[in-house]
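Heads up: the structure comes next, in structure tokens.
The values are calculated or read from the model by the stated rules, or taken from the named source; none is laboratory data. The model shown is predicted, which means the values in this text are computed figures rather than measured ones. Quick reminder, even Gly has a Cβ in these numbers, built from the backbone with ideal geometry, and neighbours come from all protein chains shown.
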Amino acid sequence: MTATLTLRNQEFEVKSGMTVRSALEKLEIPPESVIATREGELVTDDELIEDGELIKLISVISGG
Amino acid sequence: MKCKKCGGKAAINMRQHKLALCKEHYLDWIPAQTQRFIEKYKMFSPEDKILVAVSGGKDSLALWDILIQLGYQADGLYIGLGIDGGFGYSDKSLRFCQRYADRHGLNLIVVDVGKTYGSTIPQLNDKTPRGKEKPCAVCGVSKRNIMNRAARDGNYDVLVTGHNLDDEAAVLFGNTLNWLDRYLLRQGPVLEAERPGLVRKAKPLFRFYERETAAYALLRGIEYIYDECPHAVGAKSIYYKEILNQLETKRPGAKLIFYLNFLKAKDRGLFAEPVIESEALNTCTSCGQPTTSPAKCAFCRLVELPTPD
Ligand code: SF4
Ligand SMILES: [Zn+2]
Ligand SMILES: [Zn+2]
């Protein structure tokens, strides 16, 4: 019962059934630094992660 | 989570405002807020001719898009830095700007540093004594000179950049850690043209979080360069942003308050204008732009440095 989160070229496996926010906390990714998307749609971080799905995280921090 | 306006499914939640919005209402909200800030901070008016500095990134393209939607006359300025980084960073970012301009029938001014001045930014940097370090200092001096020149030559009333709240708060954090009073004094959403020949500058997106400008670009379907400039890796500004985001996670609104209360404190006179220091005002003998140097400005001196063997 897992799902996949991606961020740039990293891939993380997380348990399904938890919220996006708890997954981010577990992975130590600051929620402020990413936007979560599901099939190209933006989702808020209270969404529950479904079994087998892919959540693409888009990094929003730019530097320079 | 539900949209506060229509009860539909929210696309974004802004904790610091206790506001969640759906795509449609978010795409209305951002331009409306921008207009509010343009007026509140007296940035420019509908008659003004605006030049938007675009890099191909999310913030500057989002800014251009918002201004056009709001009915402003805004042209784009792209500066080709000649940075490759193994993936053609500069060429790629130009393509995103050009594509956006073409799609919307907008005017994009392109200044290629290499073609115009004979050396790209990395080449200019190689000519300096500290040439082995990152080219960011050289890049900053060059961009400022070129932006001001393009705005002045094109008779624009104001030059706008896509700086967001995270950018501004990170700079403020750095300036405060080092108590750089002169920089603190000058930091703000509007930089008046203090000297003849200098163009007025404004940052209409300065109250939006970086996350919000990214969400806007994504929801509007604006294609932007996702890769960073290769020299941004390890930049202090990114480190400061990370620290501020840690504060923000625990205390929503922390970075916004940090910046807005700084502006208020400044308005109340926390940082006094230095009494004696009004630097002599000269005109660069080469490019004709204002400078504190007695002859040529820093950028022109840079361009004219001999090329190393
Ligand atoms: S990271 Fe440095 S070199 Fe790259 S665009 Fe920014 S200032 Fe210029
Ligand atoms: Zn709505
Ligand atoms: Zn000059």
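Answer yes if at least one residue in region B:156-167 is touching a residue at least 40 places away in the same chain (Cβ under 8 Å) and more than 18 Å from the chain's Cα centre (by Cα), and no otherwise. Even if it seems obvious, please write down each step before you answer.
Within region B:156-167, the subset touching a residue at least 40 places away in the same chain (Cβ under 8 Å) is B:156-167.
Filter once more, so that each one left must be more than 18 Å from the chain's Cα centre (by Cα): none.
No, because not a single residue in region B:156-167 is touching a residue at least 40 places away in the same chain (Cβ under 8 Å) and more than 18 Å from the chain's Cα centre (by Cα).
Among (1) in a loop (DSSP other than H, G, I, E, B); (2) within 13 Å of chain A (Cβ to nearest Cβ); (3) not hydroxyl-bearing (S, T, Y), where does B:E194 come up short?
Failed condition: (2).
Anything in region B:61-115 that is of a type in the set (S, T, N, Q), touching a strand residue (DSSP E or B) at 6+ places or on another chain (Cβ under 6 Å) and within 16 Å of ligand 1 (Cβ to nearest atom)? List them, or say none.
Within region B:61-115, just B:S90 meets the criteria.
Just one of the numbered conditions (1) part of a strand (DSSP E or B); (2) more than 8 Å from chain B (Cβ to nearest Cβ) is not true of A:S22; which one?
Answer for A:S22: the failing condition is (1).
Of everything in region B:202-224 that's in contact with a Lys or Arg (Cβ under 9 Å, 6 or more places away or on another chain) and of a type in the set (D, E), which residue is nearest to B:T161 (Cα to Cα)?
My answer is B:E210.
Being at pLDDT 95 or above, of a type in the set (K, R) and either surrounded by fewer than 23 Cβ atoms within 10 Å (Cβ to Cβ) or assigned to a loop (DSSP other than H, G, I, E, B) (or both) is the filter here; which residues of region B:202-245 pass it?
Matches in region B:202-245: B:K203, B:R207, B:R220.
Kindly indicate which of B:S60, B:S55, B:S45 is assigned to a loop (DSSP other than H, G, I, E, B), within 11 Å of chain A (Cβ to nearest Cβ) and either under 18 Å from B:V110 (Cβ atoms) or away from ligand 2 (no atom under 16 Å from the Cβ) (or both).
Working: B:S60 fails: assigned to a loop (DSSP other than H, G, I, E, B); B:S45 fails: within 11 Å of chain A (Cβ to nearest Cβ).
On inspection, the qualifying residue turns out to be B:S55.
Kindly evaluate A:E11 against the criterion of being touching a strand residue (DSSP E or B) at 6+ places or on another chain (Cβ under 8 Å), of a type in the set (D, E) and assigned to a strand (DSSP E or B).
Numbers: touching a strand residue (DSSP E or B) at 6+ places or on another chain (Cβ under 8 Å): yes; of a type in the set (D, E): yes; assigned to a strand (DSSP E or B): yes.
So A:E11 fits the description; yes.
When you scan region B:67-74, do you find a residue that is crowded, with 22+ Cβ neighbours inside 10 Å, part of a strand (DSSP E or B) and in contact with a Leu (Cβ under 7 Å, 6 or more places away or on another chain), even just one?
Among the residues of region B:67-74, at least one is crowded, with 22+ Cβ neighbours inside 10 Å, part of a strand (DSSP E or B) and in contact with a Leu (Cβ under 7 Å, 6 or more places away or on another chain), which makes the answer yes.
Filter region B:210-254 down to residues that are of a type in the set (D, E, K, R) and more than 18 Å from the chain's Cα centre (by Cα) and give me whichever is nearest to the other protein chains (Cβ to nearest Cβ).
If we take residues in region B:210-254 being of a type in the set (D, E, K, R) and more than 18 Å from the chain's Cα centre (by Cα), then B:E248 is nearest to the other protein chains (Cβ to nearest Cβ).
Pull out all pairs, ordered by first then second residue, where Cβ-Cβ is under 6 Å, the residues are six or more apart or on different chains, the first lies in region B:282-309 and is farther than 17 Å from B:G140 by Cβ, and the second is within 16 Å of ligand 2 (Cβ to nearest atom) and in a loop (DSSP other than H, G, I, E, B).
Qualifying pairs under 6 Å: none.
So, in region B:6-23, how many residues would count as being small (G, A, S) and either surrounded by fewer than 20 Cβ atoms within 10 Å (Cβ to Cβ) or closer than 10 Å to B:G253 by Cβ (or both)?
2
Looking at region A:25-57, which of the residues that are among the small types (G, A, S) and at positive phi is farthest from the other protein chains (Cβ to nearest Cβ)?
Here the answer is A:G52.
Do we have any residue at all in region A:8-27 that's hydroxyl-bearing (S, T, Y) and closer than 23 Å to B:D166 by Cβ?
No - not one qualifying residue is present in region A:8-27.
Given (1) crowded, with 22+ Cβ neighbours inside 10 Å; (2) β-branched (V, I, T); (3) within 22 Å of B:A215 (Cβ to Cβ), identify the lone condition not met by B:I79.
With respect to (1) crowded, with 22+ Cβ neighbours inside 10 Å; (2) β-branched (V, I, T); (3) within 22 Å of B:A215 (Cβ to Cβ), B:I79 is out only on (3).
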